Amino acid sequence: MSHLLEVCELEQRFDVSPGFFDRLKIKDGRIRYQKNIVHAVNGVSFHIDRGEVLGLVGESGCGKSTVAKTIIKLYDPTGGRIKVNGEDITEYNYQKMVPVRKIIQVIFQDPYASLNPRLKVMDIITEPMAFIGAPISKTELREKGMALLKRVGLGEEHAGRYPHQFSGGQRQRIGIARALSVEPELVIADEPVSALDVSIQAQILNLMMDLKDEFGFSYLFITHDLSVVRHISDRIGVMYLGFLVETGPTEDIFLRPNHPYTRALLSAAPSVYEKLHIDPLAITGEVPTALEIPAGCSFQSRCPFAFDRCIQQRPRLVSREPGRMEACHLLDAQ
Amino acid sequence: MNNELVHIRGLKTYFHTFAGVIKAVDGVDFSLDQGEILGVVGESGCGKSVVGFSIMGLIDAPGRIESGEILFNGVNLPDLDERDMRKVRGKEITMIFQDPMTSLNPLYTIQAQMEEVMKLHSTMNAEERKKRCIELLDDVGISQPASRLKNYPHQFSGGMRQRVIIAIALASNPKLVIADEPTTALDVTIQSQILKLMKRLVREHRTAMMLITHDLAVVSEMTDKIIVMYCGRIVEKGTRDDIINRCRHPYTLGLLGSIPNLAARQKRLNQIPGMVPNIMQLPSGCAFAPRCDYVQEKCRSHRPELLEIEPGHATACYYPVERQL
């Protein structure tokens, strides 16, 4: 059986070149026409099965949100393929994407910006149901909307209000209700709790997990918060500079991170409780710019173990034990 | 008064808006010794930043310090006029803000911004100042500091800018550094670098620090003492161990339970129900009563005072919880 979502060698580049005259640069006595390309996502492959939660982690600018936006075709991918239930949607236009939107829904990070301020809550929630074109009467829409509102912990009295009358946590609940209204098979959650206070964050995370168990959909959960990812996901993928550097079951990775970057990331995470039982690794420096990606390994500039091969050759994501994959030459050498 | 640096007694900072009086800080008491790191935690709107601004004397109209004392080395800061306060601010007490992108002036070089503090608060000449700038930048881990002095803020990344801001904050050898969410805008690996740096520098210079943040994990790794605030009041204070391992207030317990454990998987998080009440319509009793699992009749009608339950560990709760995490 095909995977619910399969992403192959996904590539996303953005041309951020300035205007024509600014692009002309004189170099070695010649006029050159220079392009600035941001290499946001560079050949990322993964799959998600039914009922599974895949967590995508990484620091800001590593391309994790771009992956999400490309999957739902908010951006057209520059390379690679996206398959939903075995169906290749890479080339689909707006019209053809409509049925796919019923399968994949998104919960966005900022609950203040992702809801239309001019619509009432009931309209916000029922809009996707009307949009996908299923024959449904107005009373039925309303009934379904009310049921959803109740399910996410809001009351009937909230249906006629506008988004600005709600707090951040409540708005995120509205966003969740909207996403679930078309009974999607995959929900992409892009940093859904990072704008919320700790106590509200716990409420939303619990709600999201309960809903998943109840409706049986899958999550692509994008976050920078490692404790959240540990809590919620079955498998995780670690991204760095547009590359996927390590994937595997959450528990395995937290117990035994293989890639040096994963180790550094996990050792950097602050914790109230005991620290992780891993060999800590402190790294220096910062994420380099995505305008020019290095020829070799993306992590070479900060990796304490980098050797010749890391600078010359880009490591591929390969599996060395079942279920786990890493892109690192060091692991070949060992 | 041996090595006590700051002593705050009954601090009340109110904002008089058209909609009514906002009691952002409503009776806060705590003290801070020299060289000590104090964490102030709470959710947004609990008044933790206003405490920091009150100490710095940066409360603008419609805000006002209504009553209370902020004793700094025995001097009551709110009594000082603006001229005297300026001698304290930036010299004795400095501040690190949250957003490294906006707290540096984009029109001046790093050197100019660093030297500003020295020009105002020391008698160094140009050469000495430059030497000190290089020394400071080197101290905060900026490579080739001499070549970066003439750079503008936009030429630095977020983490680097925060390092520069830390360098500026330490330029005058302050006695107290107030850091308001210093790493919230930064990535995890950069955050851990900056936190380690701050801890090292504060210990080396024997500077006291007030770390204001919403992140309990950061506080638990950095501080000696912790204050937990809720709706403008302190609900619990004590040593780091008191708060993290032996907390007694239901709110602290709830906050700790809300954070997913990094080292072990759990099925569900212990959430606190409901949300922070509107600060203008606080309940008459304990502000946390509507959300509290252990609430009793008395909590709804009477407001609990912050009382010491063991030496150094105080909680504002009639029925402190016994449960261990």
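The values are calculated or read from the model by the stated rules, or taken from the named source; none is laboratory data. What you are looking at is a predicted structure, and each value in this text was computed from that prediction instead of being measured. Reconstructed Cβ throughout: ideal geometry from the backbone, glycine too, with neighbour counts over all protein chains shown.
Matching residues to (1) part of a strand (DSSP E or B); (2) more than 20 Å from the chain's Cα centre (by Cα); (3) within 13 Å of chain B (Cβ to nearest Cβ):
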| residue | (1), (2), (3) |
| --- | --- |
| A:VAL238 | yes, no, yes |
| A:THR247 | yes, no, no |
| A:ASP252 | no, yes, yes |
| A:ASN258 | no, yes, no |
| A:TYR261 | no, no, yes |
| A:ILE283 | no, yes, yes |
| A:PRO288 | no, yes, yes |
| A:ILE293 | no, yes, no |
| A:CYS297 | no, yes, no |
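Note on region B:279-295: residues that are surrounded by 11 or more Cβ atoms within 10 Å (Cβ to Cβ), in a loop (DSSP other than H, G, I, E, B) and not aromatic (Phe, Trp, Tyr) amount to 10. Within region A:177-198, the presence of a residue that is assigned to a strand (DSSP E or B) and within 11 Å of another protein chain (Cβ to nearest Cβ) is excluded. Restricting attention to region A:25-74, the residues that are touching a helix residue (DSSP H, G or I) at 6+ places or on another chain (Cβ under 7 Å), under 21 Å from A:LEU4 (Cβ atoms) and not small (Gly, Ala, Ser) add up to 6.
Restricting attention to region A:264-281, report how many residues are more than 11 Å from chain B (Cβ to nearest Cβ) and not in a loop (DSSP other than H, G, I, E, B).
Filtering region A:264-281 down to residues more than 11 Å from chain B (Cβ to nearest Cβ) leaves A:279.
Within this subset, residues satisfying the condition of being not in a loop (DSSP other than H, G, I, E, B) are none.
Here the count works out to 0.
Scanning region B:36-74 for residues that are in contact with a helix residue (DSSP H, G or I) (Cβ under 6 Å, 6 or more places away or on another chain) and within 14 Å of chain A (Cβ to nearest Cβ) yields a total of 3. May I ask you to list the residues in region A:153-173 that are farther than 24 Å from A:VAL198 by Cβ and at pLDDT 90 or above? Within region A:153-173, A:ALA159, A:GLY160, A:ARG161, A:TYR162 qualify.
If I filter region B:296-306 down to residues being assigned to a loop (DSSP other than H, G, I, E, B) and out of contact with any Phe, Trp or Tyr (no Cβ under 7 Å at 6 or more places or on another chain), which single residue comes out as surrounded by the most Cβ atoms within 10 Å (Cβ to Cβ)? Write out each step before concluding.
Start the filter on region B:296-306 by keeping residues that are assigned to a loop (DSSP other than H, G, I, E, B), which leaves B:296, B:302-306.
Now drop any that are not out of contact with any Phe, Trp or Tyr (no Cβ under 7 Å at 6 or more places or on another chain), which leaves B:302-303, B:305-306.
Working: B:HIS302: 13, B:ARG303: 16, B:GLU305: 11, B:LEU306: 18.
If we take residues in region B:296-306 being assigned to a loop (DSSP other than H, G, I, E, B) and out of contact with any Phe, Trp or Tyr (no Cβ under 7 Å at 6 or more places or on another chain), then B:LEU306 is surrounded by the most Cβ atoms within 10 Å (Cβ to Cβ).
When region A:54-103 is filtered for residues that are in contact with an Asp or Glu (Cβ under 6 Å, 6 or more places away or on another chain) and in a loop (DSSP other than H, G, I, E, B), the ones remaining, listed by number, are A:GLU59, A:SER60, A:THR78. Sort through B:GLN296, B:GLN271 and tell me the only one that's within 30 Å of A:ARG171 (Cα to Cα) and free of Cβ contacts under 8 Å to residues at least 40 places away in the same chain. Criteria check complete, one pass: B:GLN271.
If you check A:SER267, A:SER227, which single one turns out to be free of Cβ contacts under 8 Å to residues at least 40 places away in the same chain, of a type in the set (Ser, Thr, Tyr) and under 30 Å from A:ARG316 (Cα atoms)?
Values: A:SER227 fails: free of Cβ contacts under 8 Å to residues at least 40 places away in the same chain.
Among A:SER267, A:SER227, only A:SER267 is free of Cβ contacts under 8 Å to residues at least 40 places away in the same chain, of a type in the set (Ser, Thr, Tyr) and under 30 Å from A:ARG316 (Cα atoms).
Across region B:159-196, the qualifying residues are those that are within 11 Å of chain A (Cβ to nearest Cβ) and surrounded by fewer than 17 Cβ atoms within 10 Å (Cβ to Cβ), and the one among them that is farthest from B:GLU221 (Cα to Cα) is B:THR184. With respect to B:VAL21, determine if the residue is under 15 Å from the mean Cα position of the chain (by Cα), farther than 30 Å from B:GLU128 by Cβ and among the aliphatic types (A, V, I, L, M). No: the conditions fail for B:VAL21. All conditions in (1) crowded, with 18+ Cβ neighbours inside 10 Å; (2) closer than 29 Å to A:THR289 by Cα; (3) of a type outside the set (Asp, Glu); (4) over 15 Å from the mean Cα position of the chain (by Cα) hold for A:LEU56, with the sole exception of (4). Restricting the search to region B:135-152, which residues are away from chain A (no Cβ under 14 Å) and touching a helix residue (DSSP H, G or I) at 6+ places or on another chain (Cβ under 6 Å)? Within region B:135-152, B:LEU136, B:LEU137, B:ASP138, B:PRO145, B:ALA146, B:LEU149, B:ASN151 meet the criteria.
Residues in region A:226-236 that are within 8 Å of another protein chain (Cβ to nearest Cβ) and among the acidic types (Asp, Glu): there are none. When the residues of region A:77-86 are filtered to those that are in contact with a helix residue (DSSP H, G or I) (Cβ under 8 Å, 6 or more places away or on another chain) and over 20 Å from A:ILE293 (Cβ atoms), the one that is surrounded by the fewest Cβ atoms within 10 Å (Cβ to Cβ) is A:ASN85. Evaluate region A:97-118: report whether one residue or more is loosely packed, with under 15 Cβ neighbours inside 10 Å, within 25 Å of A:ARG173 (Cα to Cα) and of a type in the set (Gly, Ala, Ser). Scanning region A:97-118, I find at least one residue that is loosely packed, with under 15 Cβ neighbours inside 10 Å, within 25 Å of A:ARG173 (Cα to Cα) and of a type in the set (Gly, Ala, Ser), so the answer is yes. In the condition set (1) in contact (Cβ under 8 Å) with a residue 60 or more places away in the chain; (2) more than 22 Å from A:THR247 (Cα to Cα), A:ASP308 is compliant with all but (1). Against the conditions (1) within 23 Å of the chain's Cα centre (by Cα); (2) among the basic types (Lys, Arg); (3) away from every other protein chain (no Cβ under 14 Å), B:LYS298 satisfies every one except (1). Restricting region B:79-135 to residues that are of a type in the set (Val, Ile, Thr) and buried (at least 17 other Cβ atoms within 10 Å of the Cβ), the residue that is farthest from B:MET56 (Cα to Cα) is B:ILE134.
Taken over region A:199-222, residues that are hydroxyl-bearing (Ser, Thr, Tyr), more than 9 Å from every other protein chain (Cβ to nearest Cβ) and in a helix (DSSP H, G or I) amount to 0.
The rows are residues; the columns are (1) in a loop (DSSP other than H, G, I, E, B); (2) at pLDDT 90 or above; (3) of a type in the set (Gly, Ala, Ser).
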| residue | (1), (2), (3) |
| --- | --- |
| A:MET1 | yes, no, no |
| A:GLU6 | no, yes, no |
| A:GLU9 | no, yes, no |
| A:GLN12 | no, yes, no |
| A:PRO18 | yes, no, no |
| A:ILE31 | no, no, no |
| A:ALA40 | no, yes, yes |
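For region A:104-152, a residue qualifies if it is of a type in the set (Gly, Ala, Ser) and either modelled with pLDDT of 90 or more or under 30 Å from A:HIS47 (Cα atoms) (or both), and the qualifying residues are A:ALA113, A:SER114, A:ALA130, A:GLY133, A:ALA134, A:GLY145, A:ALA147. Considering the conditions (1) of a type in the set (Lys, Arg); (2) crowded, with 17+ Cβ neighbours inside 10 Å; (3) without any contact (Cβ under 8 Å) to a residue 12 or more places away in the chain, A:LYS150 is excluded by exactly one of them, (2).
So which helices (runs of 4 or more DSSP H) stay within region B:205-278 end to end and still have 2 or more residues that are at the interface with chain A (Cβ under 8 Å from one of its Cβ atoms)? It comes to B:216-222, B:250-258. Within region A:181-189, does at least one residue satisfy the condition of being touching a residue at least 40 places away in the same chain (Cβ under 8 Å) and more than 19 Å from A:PRO99 (Cα to Cα)? Within region A:181-189, one or more residues are touching a residue at least 40 places away in the same chain (Cβ under 8 Å) and more than 19 Å from A:PRO99 (Cα to Cα).
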